[in-house]
Amino acid sequence: LPGYTVKEGVRSAAFIKIVICTFIYNLFNMAMIVHLVPILGSVGLTRNASVWVFSLLGFSMSAGNIAGGLLTDRVPAKLLAACLIALPALSCLLLLEPTGSVLQRAIAVNIFGLAFGAQAPASIYVATRYLGLRNFGTLFGFIMSAVAVPTSIAPLLAGLLYDWTGSYVAFLTIGIPLTLTAALVLASLGRYPDFETTHSDRVIAA
């Protein structure tokens, strides 16, 4: 199959950018999921309302998975993935706005859920196009470490930030530039590599 060798892949600019992007946006995503119920409570919802709104996350993430797969087949994957990674910034803005509206909080959570669910199929497709399929399993395994590390440390960091500041305002405020930065990193990827040509050259040389 055409694509990078492992050595070529880990040295490529595309691989480095994908790893950086994945690490950054998962710092926010993983902390958001773990702390979402207390975040909703801190912005004025009762415990029961917070749990009810949180329960909607499963439906929106499932819908996002399906929508992400459908859209990836129809629009440029790099731009789609960048937009989905940036979308949770809107959730942060809605949660930061002072209001007692349960509906607004539910909209914010569902925007995050849709974006989070759709990020996976779009991001995987982007990785296949920039790294190729020759050693995709190995290269994507390295990329997944950029998910595993934030999963371990992001909830702790968000908790420490809450303890230091006494609220989730700082976390939600930081989440805006964090997600936008990750989106810009992904959007900076260039054209897809022409692995077919590279593969043919290797065969001829051999």
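The values are calculated or read from the model by the stated rules, or taken from the named source; none is laboratory data. Predicted model only: the values in this text are computed from it and were never measured. All Cβ positions, even for glycine, are placed from backbone atoms using ideal geometry, and neighbour counts span all protein chains on display. For accessibility, only protein heavy atoms count, side chains too; no ligands or nucleic acids. Shrake-Rupley method; radii C 1.70, N 1.55, O 1.52, S 1.80 Å.
Mind listing whichever residues of segment 162-186 are assigned to a helix (DSSP H, G or I) and open to solvent by 40 Å² or more (accessible area, probe 1.4 Å)? Those that are assigned to a helix (DSSP H, G or I) and open to solvent by 40 Å² or more (accessible area, probe 1.4 Å): Tyr162, Asp163, Trp164, Thr165, Val169, Thr173, Ile174, Pro177, Leu178, Leu180, Thr181, Leu184. Restricting the first member to segment 85-107 and to residues that are within 30 Å of Val147 (Cβ to Cβ) and among the basic types (Lys, Arg), and the second to residues that are assigned to a loop (DSSP other than H, G, I, E, B) and at pLDDT below 95, the beta-carbon pairs closer than 7 Å and six or more apart or on different chains are Arg105/Val43; Arg105/Leu45.
In segment 81-126, the residue that is modelled with the highest pLDDT out of those that are open to solvent by 10 Å² or more (accessible area, probe 1.4 Å) and touching a Lys or Arg at 6+ places or on another chain (Cβ under 9 Å) is Leu94.
Does Val34 fit the bill of being more than 16 Å from Leu178 (Cβ to Cβ) and either assigned to a helix (DSSP H, G or I) or in contact with a His (Cβ under 9 Å, 6 or more places away or on another chain) (or both)? Taking the combined requirement at face value, the residue does not satisfy it. Of note, Ser101 does not satisfy the criterion of being over 20 Å from Ala182 (Cα atoms) and in contact with a Gly (Cβ under 8 Å, 6 or more places away or on another chain). Just so you know, in segment 127-152 the residues that are out of contact with any Leu (no Cβ under 6 Å at 6 or more places or on another chain) and outside any helix (DSSP H, G or I) include one that is most open to solvent (accessible area, probe 1.4 Å), and it is Asn135.
Could we say that Gly68 is in contact with a Ser or Thr (Cβ under 6 Å, 6 or more places away or on another chain) and small (Gly, Ala, Ser) here?
For Gly68, the condition - in contact with a Ser or Thr (Cβ under 6 Å, 6 or more places away or on another chain) and small (Gly, Ala, Ser) - is not met.
Per the listing Arg202, Arg191, the residue uniquely at pLDDT below 90 and either assigned to a loop (DSSP other than H, G, I, E, B) or open to solvent by less than 50 Å² (accessible area, probe 1.4 Å) (or both) is Arg191.
Name every residue in segment 44-75 that is assigned to a loop (DSSP other than H, G, I, E, B), charged (D, E, K, R) and farther than 28 Å from Thr128 by Cα, in order of residue number.
Looking only at segment 44-75, we keep the residues that are assigned to a loop (DSSP other than H, G, I, E, B), and these are 44-46, 73-75.
In the following step, the residues that additionally are charged (D, E, K, R) were identified as 73-74.
If the condition is that a residue be assigned to a loop (DSSP other than H, G, I, E, B), charged (D, E, K, R) and farther than 28 Å from Thr128 by Cα, then no residue fits.
Annotation: of all residues in segment 149-191 being among the small types (Gly, Ala, Ser) and farther than 17 Å from Leu36 by Cα, the one that is farthest from the chain's Cα centre (by Cα) is Gly190.
Output the number of the condition that Gly41 fails; it satisfies all remaining conditions of (1) part of a helix (DSSP H, G or I); (2) open to solvent by less than 70 Å² (accessible area, probe 1.4 Å); (3) in contact (Cβ under 8 Å) with a residue 60 or more places away in the chain. So the condition that Gly41 fails would be (3).
There is at least one residue in segment 91-110 that is over 30 Å from Thr5 (Cβ atoms) and touching an Asp or Glu at 6+ places or on another chain (Cβ under 8 Å).
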